[in-house]
Structures are given as C-alpha cells and as structure tokens.
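No value in this document is a laboratory result; all are computed from the given coordinates. Just so it is clear, the model here is predicted, and its values are computed rather than measured. Positions of Cβ are generated from backbone atoms using ideal geometry, with glycine treated the same way; all protein chains shown enter the neighbour counts.
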Amino acid sequence: MYEPAEDSYLLKETIQEHFKQRAELCEQNTQFSTLDMGTGSGILANQLAELCEQVIAVEINQETINEIKNKLNKKIKLIQSNLFEKIPKQKFDLITFNPPYLPKGDYPEDEELTSGKTGLNTTIEFLKQAKEYLTKNGTILFIASSLAKLDLLEKTMKELKYEFKQIKKKHISFEDIIVYEAKINH
C-alpha cells in the first residue's frame, strides 16, 4: 500500500480548497458525487467523505483493499478495479487521482511510484477514460511530477479536449509535485 507522503497531503489540501470554492454548489446539490481513483491508504477518500455524501474509492490491489476497508468512512463505496474497468457508468462532479508518476529506470522500481518511461502511462490512460465519467461541470484533480514528460501530458490533454492548468506546486528534494486541474472543454 502506498503510504501518504507529500504528494498525498498536497492533493488533500487542494481538495479542501476546491470544496471551499464550491461550497455553495455542494450545499445546493446534495447529490454531489466524487470518485477517488487509486485510493491507496484512503486518505483522499476519507477527506472527500468529510466534504460530501457520495464517495467511491477505487483501488486495483486487493491486499490494499483488505488493509484499508475498515479504515474508511462508512459512506465510502470501495471498488476493486483497474482504472474505470469496473466502475458503474455514472457521472462524477469531482474525480481525484494520485497516480504512479515517476519515469521508470531512473528511480526505484516500485509499481506504486513508476509508470512507464515517461512517468505518464497510467495518467494518460486514466485521462482517456475519465472523460466519460465527468459531469458537464465536473473537475479532475490529479498529481504529476516535474520528472515526468509534462509536455507530453499537456499535449495529450489538449488532444483529449481538456481545459487544464497547474493549480498547485510543491518542491520536494529532487522534483516538483504538481496538482493539475482538468475539465472537459465543451
């Protein structure tokens, strides 16, 4: 299981800020739905559960699911899935994702941290699939690393017709951890 680190805490802080900005919308829409992809320790899913009623947490690793299921807020629905493979066809107002984001080869060969030579294999596949699961005004908040091929990431998001921006950045020893916000470009 991926233990929370600087990237998890940065995304958690961003989620809190996102909800402060959208508090009125959340109050008006009691059906505000969120999905935490690759939930790992469940820290982000638990944060979402404090802020809204409908939370789905997705994790690929069954051992991780067994380890965290009793640590999650009871209103969180936990699903084992490889990205959106087993997610019911529904729309979410917010999707969060802290993917493996380091390029393979230069860093520890840990599946929880690396994603192909660019560091983006998982993220790009996620972004291709996520579009079908976002509400009209839905938002994706996800983590990337300055060590990944960010030009490829941004080119791919443009091709997939996302509106996106870097909304938070934190320097940690050898890299910058970046939070991206992405929305469907209508």
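State the extension gain, in nm to one decimal, for the chain segment bounded by Ile172 and Lys89, taking 0.36 nm per residue of separation less the distance between their alpha-carbons.
Going from the current span to full extension adds 26.2 nm.
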Fill in the blank from the handout: Expected sort for 176-184, 10-18, 90-98, 147-155 on mean C-beta neighbours within 10 Å, highest first, is 90-98, 176-184, 10-18, 147-155
Problem - Selected from Ala144, His171, Ala130, residue furthest toward positive end of dipole (segment 128-186; charges at beta carbon) - result: Ala130
Handout entry: Distance (nanometres) between label positions extended 7 Å along Cα→Cβ at Glu125 and Asp151
Key = 2.6
